[in-house]
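Okay, structure first, notes after.
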């Protein structure tokens, strides 16, 4: 049971080091300070840092924690020891588990694949979507006869299927021995008891305003769910009574024979997708956590070795079910007790789309007991007591004014729609009173609502408000406190950098930023750049389109614009082509035709093509280099085709990527609410609080869905009707879905709370079509929405000196170091083979008859060599692979490190590359490079490549002798390069 403490909560946590603690740390309550000082307190008890695990969920938070720990402990503990202490992100820790102990973890699922330590994590969602689409096409071909109807129903739904697989993974639902366990199968069927309780509760009679009975909640939901659908077998008279739903229909709705086929389908696609990724030495974040969990669950020795005396988890509201269980497995049993501290704020649980569960906090005690039972189902893994824990609630806020603290609690009660019923009970139980202010801002605190005429006017409204904040220096002041002494340091006017404009979506932020800059107001966007929507990204995609189809108008327009053609000229050219049906090439500039011909000559080297395109336009800048880096990572473990690359780039136009470009230091920040989590600003303007924008009504898209109560369901099925075979809606799925749906706006309310609690002194709302969130807040707080606000937008642009000649600068980002590969420095002749060679057709022997390209054969050989060097058993009919196996066996090195990536700065260039193998001996290091050439005639060129490798290794391992060797796998010859 949970004990509630009444002493100073922060000090209570810092001093309480033994036992289980749930800390409810609201926004701005000094969570990081408390965690770091608790860590110090544990160290003061002579606990070694390696026995304390501290994890959080963002790199920035982990780095901040580690820096603060080093700052307060560096005089007592060696800095290098603190640097190596396990203070990191949750995913980084899981990566360490899998890399060190998880090589055979796929075997726990009945898979024959291994997971080498140098696996790659798929970080880009668009890239994974394209890879899954590619996999799904091949899966469809293999299973056409088994799941023909399902494939028809799920056409173009690969993204939805991937989403379901990831959700199952986050819940700890995975196949074992290539089949579902009974428990997993039961979860996929659904929870009948929970469904039955919901059905009965929603089907209670309801009294009307005039007396008598009205349609109850369940009948209203069912009536809405059945509207505008096509059913072959629906009998509404059997379902509905006059005012309620016929309770006799309850079981018929839940038990659906169609489920079994989909459960089998998900098992097969789950397993085969895992195999698809493992074959490419890739996993996504969800699978990485799953393999870390399986390693701890199934291997007692590893589990005991990795357990910690003290475990602290930050941002606990961002955990999912499998992560909570993994955390429990990491706690060392100390006389039937553990030292576990979880810190979080359920009100800031805004990552439901990543399958996180705020119930891990709101139902912490129940979850501990439930997960202990589940973890101990087949053997006793959790031996410690989980029933005794203490809850500590942080009450003091070190950020915001009392006005904002009182107001922010109201955000959790607002309705997302007129019909919605907010579950206020959970709020009243877990958040009884607003947080208490520690800093008094007096009259320098304000909350207001503003309404614009339309979208364009809202941009202007925000800019007008910014100008007022900057120029009404007596009305708006920033009060700065010393957070240690609580004394006022200064009161000063508002600066641009004090202001943050938040929005539910980034599109509004980017558009507002453009308007601000146009009006002379300095503005930065607080996120990554959409590099594939940049000038560099657009021109790369354009040339790739032309390489695929030289008549692609979408490709020619950016190319011709870059060549100086005007829009009327481009339009006239295409009208001429359309009318005459002539080939395009003769009608475009000779230089463009020549460059396209050049690109076609190297079309097997996609990365080289991208480098050539960027080089043509002198885009040797941060964005150009980032594009090369991203495409290189996509292509690293899976040779993507030209058309696949075009699709991935096209889908990635809105993806953000962090790069080092300069920003104004005194500028308004435009940021999404999600990106602002953990931040604080003196002034917050929450914009775009418009209908359909905030809140956003979300429904499960796609024809298949999974819910923990309903299980796996399909919204469609095939059936006969009047001798015809049609695809119909599934009324059972529609009805059970209407029963299980929760308030769709709960997470948006929490997002609203996060936005409000970023503000320290001033909080303003803007909209042109105010949503229910804004109107409800206005009503609850008694503040009217101001509809006629006006103020002059005052530009911050310096007035140019008219005597100075204006020089137009090129619209390019300043050059940075250019990225090159060692191969580009080899200046290969046109007939030189790429690194991944393949015998010509006349030389092909039986083992090579798999109809693959030269590159793909080289890829196969290198991947096999990588696995062999990692100690994995590889059985192959390919002679070259068996030669490599024998070659590596003869090396007899102390240690082998395969596929070492590096960046090597040299002058104005950065050389990037991958060393095939490093072999470490007592007296030397050997660099091994595999070549699949048919002869040694290009050896002099390879000396340049390996010379660069040698420079890199000599820089890292100073004083160590370095030797370079080439192993020609086709020739079975080893050559040492002097």
Restricting attention to region 247-258, does a residue exist that is surrounded by fewer than 20 Cβ atoms within 10 Å (Cβ to Cβ) and out of contact with any helix residue (DSSP H, G or I) (no Cβ under 9 Å at 6 or more places or on another chain)?
yes
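For every residue, the table says whether it meets (1) outside any loop (DSSP other than H, G, I, E, B); (2) in contact with a strand residue (DSSP E or B) (Cβ under 9 Å, 6 or more places away or on another chain); (3) surrounded by fewer than 16 Cβ atoms within 10 Å (Cβ to Cβ).
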site	(1), (2), (3)
108	yes, yes, no
112	no, no, yes
144	no, no, yes
194	yes, no, yes
Residue check, residue 546 assigned to a helix (DSSP H, G or I), farther than 18 Å from residue 122 by Cα and modelled with pLDDT of 85 or more
yes
Name the residue that is surrounded by the most Cβ atoms within 10 Å (Cβ to Cβ), counting only residues in region 479-519 that are in contact (Cβ under 8 Å) with a residue 12 or more places away in the chain and assigned to a loop (DSSP other than H, G, I, E, B).
504
Check whether at least one residue in region 159-171 is part of a loop (DSSP other than H, G, I, E, B) and over 29 Å from the mean Cα position of the chain (by Cα), and report yes or no.
no
Among what's in region 950-978 and is modelled with pLDDT of 90 or more and in contact with a helix residue (DSSP H, G or I) (Cβ under 8 Å, 6 or more places away or on another chain), pick the residue that is farthest from residue 889 (Cα to Cα).
962
What is the one condition in (1) in contact with a strand residue (DSSP E or B) (Cβ under 7 Å, 6 or more places away or on another chain); (2) over 24 Å from residue 711 (Cβ atoms) that residue 303 does not satisfy?
(1)
Failed item, numbered, when residue 409 is tested on (1) surrounded by fewer than 18 Cβ atoms within 10 Å (Cβ to Cβ); (2) out of contact with any strand residue (DSSP E or B) (no Cβ under 9 Å at 6 or more places or on another chain); (3) within 30 Å of residue 486 (Cα to Cα):
(1)
Please name all residue pairs, on different chains or six or more residues apart, with Cβ atoms under 9 Å, provided the first residue is in region 555-569 and is at positive phi and in the same structural domain as residue 592 (by TED's automatic domain parsing) and the second residue is assigned to a helix (DSSP H, G or I) and surrounded by 16 or more Cβ atoms within 10 Å (Cβ to Cβ).
none
It is to be established whether one or more residues within region 857-866 are part of a helix (DSSP H, G or I), buried (at least 18 other Cβ atoms within 10 Å of the Cβ) and at pLDDT below 60.
no
Looking at region 7-42, which of the residues that are over 34 Å from the mean Cα position of the chain (by Cα) and farther than 16 Å from residue 435 by Cβ is surrounded by the fewest Cβ atoms within 10 Å (Cβ to Cβ)?
7
When residue 353 is run through (1) assigned by TED's automatic domain parsing to the domain that holds residue 57; (2) part of a helix (DSSP H, G or I); (3) modelled with pLDDT of 95 or more, the failure sits at (3)
Tell me, which strands (runs of 3 or more DSSP E) wholly within region 663-771 include 2 or more residues that are under 30 Å from residue 156 (Cβ atoms)?
704-707, 711-714, 716-721, 724-729
Hey, can you tell me all the residues within region 366-425 that are assigned to a helix (DSSP H, G or I) and farther than 16 Å from residue 328 by Cβ?
402, 403, 404, 405, 406, 407, 408, 409, 410, 424, 425
Give the number of residues within region 63-80 that are surrounded by 11 or more Cβ atoms within 10 Å (Cβ to Cβ) and outside any loop (DSSP other than H, G, I, E, B).
12
Given 449, 441, which one is assigned to a loop (DSSP other than H, G, I, E, B) and in the same structural domain as residue 694 (by TED's automatic domain parsing)?
441
Within region 284-292, identify whether any single residue is buried (at least 20 other Cβ atoms within 10 Å of the Cβ) and more than 20 Å from the chain's Cα centre (by Cα), and answer yes or no.
no
Among the residues of region 225-234, is there at least one that is assigned to a helix (DSSP H, G or I), assigned by TED's automatic domain parsing to the domain that holds residue 152, touching a helix residue (DSSP H, G or I) at 6+ places or on another chain (Cβ under 9 Å) and surrounded by fewer than 17 Cβ atoms within 10 Å (Cβ to Cβ)?
no
Which one is farthest from residue 879 (Cα to Cα), of the residues in region 923-945 that are touching a strand residue (DSSP E or B) at 6+ places or on another chain (Cβ under 6 Å) and free of Cβ contacts under 8 Å to residues at least 40 places away in the same chain?
924
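The values are calculated or read from the model by the stated rules, or taken from the named source; none is laboratory data. Because the structure is predicted, anything quoted here is derived from the model rather than measured. With ideal geometry, Cβ positions are generated from the backbone for all residues, glycine too; neighbour counts draw on all protein chains shown.
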